[in-house]
Amino acid sequence: MFIAVEPLPTSATETIEILNNAQQGLQQVAENPGVIRAWLEGLLPDVLSFAIQFVVAVIVYLIASRLIHLVLKIVRRSMERANTDEGVKQFVLPVIKYTLYIILIFVIMGLFGIATTSAVAVLGSAGVAVGLAVQGSLSNLAGGVLILLLKPFKVGDYIVEHAHGNEGTVVEISIFYTTLTTPDNRVIVIPNGSLSNSSLTNVSRLDKRRIDLVVGIGYEADIRKAKEVFYHVAEQESARLPEEEIVVFVDNLGASSVDLGLRIWVGAADYWTAKWRLTENIKAALDENQISIPYQQIDVQIKQ
């Protein structure tokens, strides 16, 4: 009498083989307990080798970090002795720092047996994707380089950015952004790419500025006398540069006033205080000489 036995499924057969192999391995360990010790002894050199590599890597990192700090200190002192612009120092020093640390990472990878060529290839392929994702930041980086090369402004200059109307004193030119502080103590951060691609005015680039004032007087007033008043007030201005000429002129014949213009030169640092003081003094001088300043008014006539 024959009994037909169906073959086990492949998965069940493999499971039985794994169990048999495990059983045989346990039997070998039970018959020869030294197998575990031999395995541990074979593993110990690898653990010791990794531990030594780790300790060496830590030592290399600590020593290299101090060397990088020393290099940055030397470069900073060299720039200070050469009177390098503050913006250049703020830009160049971080670039040197990051570059040296990247080199240090590759050195440590080499200590662990990682092929640097393979790492460079991986980073290069990944860099394409990262570059597309951060193309705005790369544009800011390129803008920072252009600012340092062309020098439209430097740290300490007062600039007016025309694209968005931002203005203030430049306090930092970093790798990606330029930081301004406004006269009312606000901080404005502008991307370098935007600054390098838009027009701006550097207010404090030159050491002197011209004040232009236009004040209207009435048509009934004596123009010659009014011009003498303007000239006298400008001559008494303490911030005026004496070597520069005072110019007083009739700027326009308006609908209700004769507009007189005044131009004097002052130091760039004294511009606003001189302009405000000059405006106030002109008003007081015109009042003393009974010269009227027209203003907008409405005359209402009621007919009975």
**Prompt:** Got a sec? Which of 100, 72, 62, 93 is within 18 Å of residue 155 (Cβ to Cβ), at pLDDT 75 or above and of a type outside the set (D, E, K, R)?
**Reply:** 93
**Asked** In the range 276-302, how many residues are hydroxyl-bearing (Ser, Thr, Tyr) and either out of contact with any strand residue (DSSP E or B) (no Cβ under 8 Å at 6 or more places or on another chain) or assigned to a helix (DSSP H, G or I) (or both)?
**Response** 2
**Asked** If we keep just the residues of the range 230-242 that are in contact (Cβ under 8 Å) with a residue 40 or more places away in the chain and in contact with a strand residue (DSSP E or B) (Cβ under 9 Å, 6 or more places away or on another chain), which is surrounded by the fewest Cβ atoms within 10 Å (Cβ to Cβ)?
**Response** 237
**Asked** If you go through the range 243-263 one residue at a time, how many are assigned to a loop (DSSP other than H, G, I, E, B), out of contact with any Asp or Glu (no Cβ under 8 Å at 6 or more places or on another chain) and either of a type outside the set (A, V, I, L, M, F, W, C) or surrounded by 13 or more Cβ atoms within 10 Å (Cβ to Cβ) (or both)?
**Response** 6
**Asked** If you take just the helices (runs of 4 or more DSSP H) that sit entirely in the range 126-240, which of them hold at least 1 residues that are closer than 17 Å to residue 86 by Cβ?
**Response** 135-150, 192-196
**Prompt:** Of the residues that make up the range 177-195, is at least one β-branched (Val, Ile, Thr) and modelled with pLDDT under 90?
**Reply:** no
**Message:** Looking at the range 47-78 only, could you name the residues that are under 27 Å from the mean Cα position of the chain (by Cα), surrounded by 11 or more Cβ atoms within 10 Å (Cβ to Cβ) and polar (S, T, N, Q)?
**Reply:** 65
**Request:** Examine the range 264-273 for a residue that is open to solvent by less than 50 Å² (accessible area, probe 1.4 Å), of a type outside the set (Val, Ile, Thr) and touching a Leu at 6+ places or on another chain (Cβ under 6 Å), and state whether such a residue exists.
**Result:** no
**Prompt:** Could you say whether any residue in the range 285-304 is in contact (Cβ under 8 Å) with a residue 12 or more places away in the chain, among the acidic types (Asp, Glu) and surrounded by fewer than 16 Cβ atoms within 10 Å (Cβ to Cβ)?
**Reply:** no
**Request:** Can you confirm whether the range 200-219 contains a residue that is more than 17 Å from residue 271 (Cβ to Cβ), among the polar types (S, T, N, Q) and either surrounded by fewer than 16 Cβ atoms within 10 Å (Cβ to Cβ) or modelled with pLDDT under 90 (or both)?
**Result:** no
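The values are calculated or read from the model by the stated rules, or taken from the named source; none is laboratory data. Computed from a prediction, not measured in an experiment: that's the story for all the values here. As a convention, Cβ positions derive from the backbone with ideal geometry for all residues, glycine included, and neighbour counts pool all protein chains shown. Only protein heavy atoms, including side chains, enter the accessible area calculation; ligands, DNA and RNA are left aside. Shrake-Rupley method; radii C 1.70, N 1.55, O 1.52, S 1.80 Å.
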